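The values are calculated or read from the model by the stated rules, or taken from the named source; none is laboratory data. As the structure is a prediction and not an experimental result, all values here were calculated from the model. Positions of Cβ are backbone-derived with ideal geometry, glycine not excepted, and every protein chain shown enters the neighbour counts.
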Amino acid sequence: MRKALIALVVAMCATMGCTPDRAPGQPGQSLSAQSQAEAYFALLRALYTQDDALNANATYLALDLSQARLSDTAPLEALVRDFCAEHGYTLLLDTMEGLEDKGYITDLYFENGFVIGFVDVSLTDNELVTRANKWRSGLGAIGGEYTVTRGPTGWTITAVTSQWIS
């Protein structure tokens, strides 16, 4: 009876997996949450390189995740914190309204920084569709609707529609 029970447990482990879904180096984070973070981060890096004037003399990078469908924001926040450390920014996690309330944004102008935000259309394990933007002022912003797809080498932007600049 004991051997049969052990065999049953071994068989269940083999078919269902005994190890939890954990991303390497990220205790407690599921692969799905880490993978989702990598999709947003690929888009954030692309937005960052567009229209360098929006980054000029900035000391803050504000990240608005209020309309993102991430299952867990912590993995993305960690990636962006590292990015900010590499590029000399202080990360602010807030909405534009919150930044206005705190005095960072006045008269539709973020003098010392810029905001990157996402308004998600859909999010699956293999595709992110989101309206994303990088904003510095009422007359200084870029954005569009982006499709980011997971392939064998990671996440890449595969479509951009409704692109705009102000």
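Results, tabulated for the structure shown:
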| quantity | calculated |
| --- | --- |
| Qualifying position, being touching a helix residue (DSSP H, G or I) at 6+ places or on another chain (Cβ under 7 Å), small (Gly, Ala, Ser), touching a residue at least 24 places away in the same chain (Cβ under 8 Å) and over 24 Å from ALA33 (Cβ atoms), among GLY140, GLY88, GLY154 | GLY140 |
| Evaluation of ASP125 against (1) under 14 Å from TYR40 (Cα atoms); (2) at pLDDT 95 or above; (3) surrounded by fewer than 17 Cβ atoms within 10 Å (Cβ to Cβ) (one fails), failing number | (2) |
| Test: ARG45 is free of Cβ contacts under 8 Å to residues at least 24 places away in the same chain and surrounded by fewer than 17 Cβ atoms within 10 Å (Cβ to Cβ) | no |
| Boolean, ILE165 is of a type in the set (A, V, I, L, M, F, W, C) and surrounded by 16 or more Cβ atoms within 10 Å (Cβ to Cβ) | no |
| Test for TYR146: is it of a type in the set (Phe, Trp, Tyr), crowded, with 17+ Cβ neighbours inside 10 Å, closer than 20 Å to VAL80 by Cα and touching a helix residue (DSSP H, G or I) at 6+ places or on another chain (Cβ under 7 Å) | yes |
